[in-house]
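**Q** Mind having a look at this structure? Questions to follow.
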Amino acid sequence: MNLSVHRFVAVLQKELIQARRDRFTLALMIGMPLVQLFLFGFAINTDPKHLPTALVMGDDSRPARSLVESMRATEYFDISQPTSPAEAERAMARGDVLFVLEVPVDFARLMERQERPAVLLAADATDPTAVSSAFAAASGVGQGLLARDLPGAAPPARPFDWRVHRRYNPEGITAYNIVPGLIGTLLTFTLVVITALAVTRERERGTMENLLAMPVRPLEVMLGKIVPYIFLGYVQVALILGAAVLVFQVPLRGSVLLLLVGLGLFIAANLAVGFTFSTLARNQLQAMQMAVFFILPSILLSGFMFPFAGMPGWARVLGEMLPLTHALRLIRGILLKGNGALDVLPHLLPLMLFSVVVGTLAIRGYRQTLD
Amino acid sequence: MTAAPLAIDVRGLHKSFGPRAVVQGLDLRVARGQICGFLGANGSGKTTTLRMLCGLLTPDAGEGTCLELDIRKDAARIRRRVGYMTQRFSFYEDLTVQENLDFVARLYELPDRERRIDAVLQRAGLTDRRTQLAGELSGGWKQRLALAACVLHEPELLLLDEPTAGVDPKARREFWDLIHVLASEGITVLVSTHYMDEAERCHRIVYLAGGKVVVEGSAEEVVARSGLVTFVGTGEQEALSEAAAALEPAPGVESVAMFGQTLRVSGTHRQALEKALAPWRARQGLTWVDEPPTLEDVFIHLLSDRRFAA
Ligand SMILES: Nc1ncnc2c1ncn2[C@@H]1O[C@H](COP(=O)(O)OP(=O)(O)OP(=O)(O)O)[C@@H](O)[C@H]1O
Ligand SMILES: [Mg+2]
């Protein structure tokens, strides 16, 4: 029995009718990306000021006090009374303060000798978006004001150095990274779940027995069920990208076409995973559990939640096997760095390999009998 | 056996689910154009057998042909020529009647879909409901849709698994009229049922117990071969009830059943049965007649036969 376009179209059309009648799921798949984006999006777009800051004063000189004053003047830092370094550290661990500003011992003297003392600004970067603009403001603090405070000779070009620490999140994921991450995780979530349920639902409702008794091939069923969701995946991408660019002014530096092609591979990879689960699970609950089992590590190990470079070796190996990891690099590369086709090839190949391998598993796993 | 072409010819079918042997050495032959009733207690393996015949389950052992195609090797080709109606309704409840039929027609790649669907809707009396969602049909109408869908591709063999469960008597009769029309057109039908009146409308009956065929033949043959003796008592209601209670545990009595104003008492050994009945035959106000057993008597007898217990 050869593959038949007619049978494929029959399955496809049936799925489309069913999807159209299942208003709730449809609304969820279109509404979810937007709701998520606006939730995260407004979180990233806010420019929080008056962030609680602990102060450690190693030097009580005039220039030191003047530095603290000019930090206050940026309005980003709400600086409390000086404490000990240990107490400041604890306050940050507790989450009472987001910053610790530490003026070194002999600040004024070192500056006078043009030895460029290092002023420490440590931030709780678990929410990098919250602290990034404050960092930017801090780096502008300095010169003119210090020149006034330093008696004598012409002030040096850089009277002191900032030592910036991003605690808990060394990669310091920036605001723009949220959008690529959101595109990737949402696609993974909706597509894996929906396809994992696709065949399982037929089994649970008993329609599988009928479908198997009719002359239709596994690949025809699989393609017929998957293709509508490829379109739906692209609709999600378009919604997120559109809102990200229009509402949140996220840059779109690379080629949109390249991005869509790359995402096509990523979508295929997710659908293959979902379909494989679908053939393994006995009921919809099991399918759902398998989907979660796949989605959680994807979110945790792909570099979306935690910086990839900061993970132990074994976690990185796992991460490399997940499509989301490569998709994130791909989307970030194209969207934010303006990568071209050659640059993103190393991310495309793993996605392709994954799709082929898992897709084969899915077709193999599709049982043509009820055994 | 004569060389009449067989629609189904299988030998020694076995199927187990885990440790459970469900079908154990089943032989089945059904001639072309015949309506064969498939009977047996719940769990006796009817559905499992039907599934093996159309390639939905692979037999653990045994071999044979369906429409002269090997059930093991030619499952794909068998599917095109067989119409299988599942025990549980298995069409898409969120598609309309018409959409369901259209889907089936497309999977079989039937030419002239519109005309065929119209014809089959007409035949099943579903024309007025073509735009209704299948899930909103009542039980009987769902069954009609299922039957309509499985004859759409004009199969040569119909495997129907309890097609009339939950269908009202009039619809059941129409259903069977339709099955007879199909048979007269040359279609072979293997139909499982728990209804005796339906069994009587079959050309042949196959009775399954413990995954084996234990009795087969026409309804008359099955009744005649059962060797069952049945007495029917009529008369005073109170005395009848008393008799029923007393006869139930008596030796020689296999089944006792009240039907409104009559009591049917059956057993396989005439002497033993008559001995048990003797006091009640003498009883004032009760009359007893020795009647030929009905098919139902025979099936109750078979169902309660300990030798065949699953
Ligand atoms: N997929 C399966 N897995 C495990 N056991 C099964 C499976 N299918 C059927 N069985 C068991 O096999 C036995 C026979 O089932 P089958 O459905 O063939 O009986 P049946 O004669 O059709 O019964 P009914 O009259 O109730 O429809 C039952 O005990 C059932 O529990
Ligand atoms: Mg059954």
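**Q** Just to be sure, is B:S184 under 19 Å from B:S218 (Cα atoms), of a type in the set (S, T, Y) and either within 16 Å of ligand 1 (Cβ to nearest atom) or within 13 Å of chain A (Cβ to nearest Cβ) (or both)?
**A** It is false that B:S184 is under 19 Å from B:S218 (Cα atoms), of a type in the set (S, T, Y) and either within 16 Å of ligand 1 (Cβ to nearest atom) or within 13 Å of chain A (Cβ to nearest Cβ) (or both).
**Q** Can you name the number of the only condition in (1) open to solvent by less than 10 Å² (accessible area, probe 1.4 Å); (2) within 12 Å of another protein chain (Cβ to nearest Cβ) that B:Q98 fails?
**A** (1)
**Q** Looking at (1) away from chain B (no Cβ under 14 Å); (2) without any contact (Cβ under 8 Å) to a residue 40 or more places away in the chain; (3) of a type outside the set (D, E, K, R), find the lone condition where A:L211 falls short.
**A** (1)
**Q** On to the next question. Could you list, in sequence order, all residues of segment B:113-142 that are open to solvent by 20 Å² or more (accessible area, probe 1.4 Å), more than 21 Å from A:E209 (Cβ to Cβ) and within 14 Å of chain A (Cβ to nearest Cβ)?
**A** Correct list: B:R113, B:T131, B:Q132, B:E136.
**Q** Quick test for you: out of B:R88, B:R116, B:R106, B:R80, pick the one residue that is charged (D, E, K, R) and within 16 Å of ligand 2 (Cβ to nearest atom).
**A** B:R88
**Q** So which of A:V250, A:V261, A:V273 is modelled with pLDDT under 85 and among the β-branched types (V, I, T)?
**A** A:V250
**Q** So which residues in segment B:75-88 are without any contact (Cβ under 8 Å) to a residue 60 or more places away in the chain and more than 7 Å from chain A (Cβ to nearest Cβ)?
**A** Selection gives B:A75, B:R77, B:I78.
**Q** Can you give me the ranges of the strands (runs of 3 or more DSSP E) entirely in segment A:71-128 with at least 1 residues that are open to solvent by less than 40 Å² (accessible area, probe 1.4 Å), within 15 Å of A:L51 (Cα to Cα) and touching a residue at least 60 places away in the same chain (Cβ under 8 Å)?
**A** Numbers: elements: A:77-82, A:99-103, A:118-124.
Output list reads A:77-82.
**Q** Out of segment B:202-221, which residues are buried (at least 22 other Cβ atoms within 10 Å of the Cβ) and on the phi < 0 side of the Ramachandran plot?
**A** If the condition is that a residue be buried (at least 22 other Cβ atoms within 10 Å of the Cβ) and on the phi < 0 side of the Ramachandran plot, then B:C202, B:I205, B:V206, B:Y207, B:L208 are the ones that fit.
**Q** Also, quick follow-up: Residues to consider are A:L55, A:L67, A:L12; find the one that is farther than 25 Å from A:V250 by Cβ, more than 14 Å from every other protein chain (Cβ to nearest Cβ) and modelled with pLDDT of 90 or more.
**A** Every option except A:L55 fails the conditions.
**Q** Still on this structure, please answer the following. So, in segment B:10-43, of the ones that are touching a Ser or Thr at 6+ places or on another chain (Cβ under 8 Å) and basic (K, R), which residue ends up most open to solvent (accessible area, probe 1.4 Å)?
**A** B:R32
**Q** Considering only segment B:202-214, how many residues are more than 15 Å from ligand 1 (Cβ to nearest atom) and over 10 Å from the mean Cα position of the chain (by Cα)?
**A** Taking segment B:202-214 first, the residues more than 15 Å from ligand 1 (Cβ to nearest atom) are B:202-204.
Cutting the leftovers down to over 10 Å from the mean Cα position of the chain (by Cα) gives us B:203-204.
The qualifying residues number 2.
**Q** Something else about it: Being out of contact with any Asp or Glu (no Cβ under 6 Å at 6 or more places or on another chain), open to solvent by less than 20 Å² (accessible area, probe 1.4 Å) and at negative phi narrows it down to one residue among A:S298, A:S255; which is it?
**A** Answer to the check: A:S298.
**Q** Take the conditions within 22 Å of A:I240 (Cα to Cα) and aliphatic (A, V, I, L, M) and apply them to A:L300. Does it pass?
**A** yes
**Q** State which residue is farthest from the chain's Cα centre (by Cα) when the search covers only segment B:32-69 and only residues that are within 19 Å of B:W176 (Cβ to Cβ) and either away from ligand 1 (no atom under 16 Å from the Cβ) or assigned to a loop (DSSP other than H, G, I, E, B) (or both).
**A** Within segment B:32-69, the match that is farthest from the chain's Cα centre (by Cα) is B:G33.
**Q** Would a scan of segment B:4-14 turn up a residue that is away from ligand 2 (no atom under 16 Å from the Cβ), part of a loop (DSSP other than H, G, I, E, B), within 14 Å of another protein chain (Cβ to nearest Cβ) and closer than 28 Å to B:E185 by Cα?
**A** Within segment B:4-14 (the criterion being away from ligand 2 (no atom under 16 Å from the Cβ), part of a loop (DSSP other than H, G, I, E, B), within 14 Å of another protein chain (Cβ to nearest Cβ) and closer than 28 Å to B:E185 by Cα), the answer is no, since none of the residues qualifies.
**Q** Moving on to the next point. Exactly one condition in (1) touching a helix residue (DSSP H, G or I) at 6+ places or on another chain (Cβ under 9 Å); (2) part of a loop (DSSP other than H, G, I, E, B); (3) modelled with pLDDT of 75 or more; (4) open to solvent by 60 Å² or more (accessible area, probe 1.4 Å) is false for A:I30; which is it?
**A** (2)
**Q** Can you confirm whether segment B:292-310 contains a residue that is more than 16 Å from ligand 2 (Cβ to nearest atom), open to solvent by 40 Å² or more (accessible area, probe 1.4 Å) and over 27 Å from the mean Cα position of the chain (by Cα)?
**A** no
**Q** (1) open to solvent by less than 40 Å² (accessible area, probe 1.4 Å); (2) hydrophobic (A, V, I, L, M, F, W, C); (3) at pLDDT below 95: which one isn't true of B:M85, the others all being true?
**A** Of everything listed in (1) open to solvent by less than 40 Å² (accessible area, probe 1.4 Å); (2) hydrophobic (A, V, I, L, M, F, W, C); (3) at pLDDT below 95, B:M85 misses just condition (3).
**Q** Could you list all residues from segment B:31-60 that are within 14 Å of another protein chain (Cβ to nearest Cβ) and more than 9 Å from ligand 2 (Cβ to nearest atom)?
**A** B:T49, B:R51, B:M52, B:L53, B:C54, B:G55, B:L56, B:L57, B:T58, B:P59, B:D60
**Q** Only residues that are open to solvent by 50 Å² or more (accessible area, probe 1.4 Å) and among the acidic types (D, E): list them for segment B:101-112, please.
**A** Across segment B:101-112, the qualifying residues are B:E109, B:D112.
The values are calculated or read from the model by the stated rules, or taken from the named source; none is laboratory data. Keep in mind it's a predicted model, so treat the numbers as computed, not measured. Don't worry about glycine lacking a Cβ; one is built from the backbone with ideal geometry, like all the others, and counts go over all protein chains shown. These area figures cover heavy atoms from the full protein model, side chains too; ligands, DNA and RNA do not enter into them. Shrake-Rupley method; radii C 1.70, N 1.55, O 1.52, S 1.80 Å.
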